[in-house]
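K.L.:
Take this structure, written in structure tokens, and hold onto it; I'll ask about it next.
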Amino acid sequence: MTVRPGAEPFARDGDDVGVLLCHGFTGHPGSLRDWAEGLAAAGHTVRLPRLPGHGTTVQEMARTGWPDWYAEVEGAFRELRARCRIVVVAGLSMGGALALRLAQRYGPAMNPGPLPGVDGLILVNPSVLVEDRRLVALPVLRWVLPWLPPVGNDVKRPGVREDAYDRIPSHALHSMLRGYRTVVADLPAVSQPLLVLRSNEDHVVPASSSALILDRVTSSRAAEVILRDSYHVATMDNDAGEILRRSLHFLDEPAMVGGTR
């Protein structure tokens, strides 16, 4: 399957601080490319995988689901973990949910013992719930309507467009929402340092998603930063520089420099 130009995964080796970036639903690595390159330019080891079914065709995405996407980021995490002293996982939108799942599975609550896990989380407009009541019917609706309207390209900056699919595969959306339920149920297992960056105006993910995360995680160090000049895809928007600056500061904090486990 041909990958769209700009949708290629990104990998750069640097110091012993690794950052895994997870892109969002129907998007591809291009939406996080500047963030990844900025982290790499600062000297860090960076991985930005392309989730299965993304950055190719929407028909291919219709044949994938949450287990496929999680397996991809888990493989990238394990590769980073084998080479880096510190590993922080970051994500945009659904990528934030995938990052949280990694933190749950590779955190003290579910991964006891001496093996290192996820050391910290940086989430940009993380999505773990959807407030659209129409989706209650999705388990049945997906067999009747295979495609739904798109949610991508919520960018405030003039002239910038996210290269997301022009429609949503209903089966893939159903799989994502099932994954979200697992993530939400296990939020108390997240105890790592956490930074949430949330756009003040987001037309895709409700503010209640970030609020739910911050309310239920058990992280002793959790902070929320409001992005005031971006919409949902803030990593491509006017606050992209602020996201990079805050990320680098987070990576330089004592808990990150010294490790959390």
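K.L.:
Give all pairs with beta carbons closer than 7 Å in which a residue from segment 213-232 that is modelled with pLDDT of 95 or more meets a residue that is among the hydroxyl-bearing types (Ser, Thr, Tyr); count only pairs at least 6 apart in sequence or on separate chains.
P.N.:
THR218/SER191; SER219/SER191; GLU224/SER210; LEU227/SER199; SER230/SER199; TYR231/SER199; HIS232/SER93; HIS232/SER199
K.L.:
Let me ask you something else. When you check PRO139 against the structure, is it in a helix (DSSP H, G or I) and free of Cβ contacts under 8 Å to residues at least 40 places away in the same chain, yes or no?
P.N.:
Taking the combined requirement at face value, the residue satisfies it.
K.L.:
Quick one: in segment 9-32, which of the residues that are over 22 Å from ARG83 (Cα atoms) and either small (Gly, Ala, Ser) or over 13 Å from the mean Cα position of the chain (by Cα) (or both) is surrounded by the fewest Cβ atoms within 10 Å (Cβ to Cβ)?
P.N.:
GLY30
K.L.:
When you go through ALA109, ALA7, ALA11, ALA97 one by one, which is the residue that is among the aliphatic types (A, V, I, L, M), in contact (Cβ under 8 Å) with a residue 24 or more places away in the chain and touching a strand residue (DSSP E or B) at 6+ places or on another chain (Cβ under 6 Å)?
P.N.:
The match here is ALA11.
K.L.:
Among what's in segment 119-144 and is modelled with pLDDT under 75 and basic (Lys, Arg), pick the residue that is farthest from PRO254 (Cα to Cα).
P.N.:
ARG134
K.L.:
Just to check your reading of the model, which residue among GLU201, GLU224, GLU162, GLU242 is assigned to a strand (DSSP E or B) and either in contact with a Pro (Cβ under 9 Å, 6 or more places away or on another chain) or of a type in the set (D, E, K, R) (or both)?
P.N.:
GLU224 is the lone residue from the list that is assigned to a strand (DSSP E or B) and either in contact with a Pro (Cβ under 9 Å, 6 or more places away or on another chain) or of a type in the set (D, E, K, R) (or both).
K.L.:
If a residue has to be over 15 Å from THR235 (Cβ atoms), free of Cβ contacts under 8 Å to residues at least 60 places away in the same chain and surrounded by fewer than 24 Cβ atoms within 10 Å (Cβ to Cβ) to count, how many in segment 33-56 make the cut?
P.N.:
Of the residues in that region, 7 qualify.
K.L.:
Might you check whether a residue that is surrounded by fewer than 18 Cβ atoms within 10 Å (Cβ to Cβ), closer than 23 Å to TRP66 by Cα, in contact (Cβ under 8 Å) with a residue 40 or more places away in the chain and β-branched (Val, Ile, Thr) occurs anywhere in segment 173-190?
P.N.:
Yes, that holds for at least one residue.
K.L.:
Considering only segment 165-198, state which residues are outside any loop (DSSP other than H, G, I, E, B) and polar (S, T, N, Q).
P.N.:
Selection gives SER170, SER175, THR182.
The values are calculated or read from the model by the stated rules, or taken from the named source; none is laboratory data. Only a predicted model underlies this, so the values are computations on that prediction, with no experimental measurement involved. Positions of Cβ are generated from backbone atoms using ideal geometry, with glycine treated the same way; all protein chains shown enter the neighbour counts.
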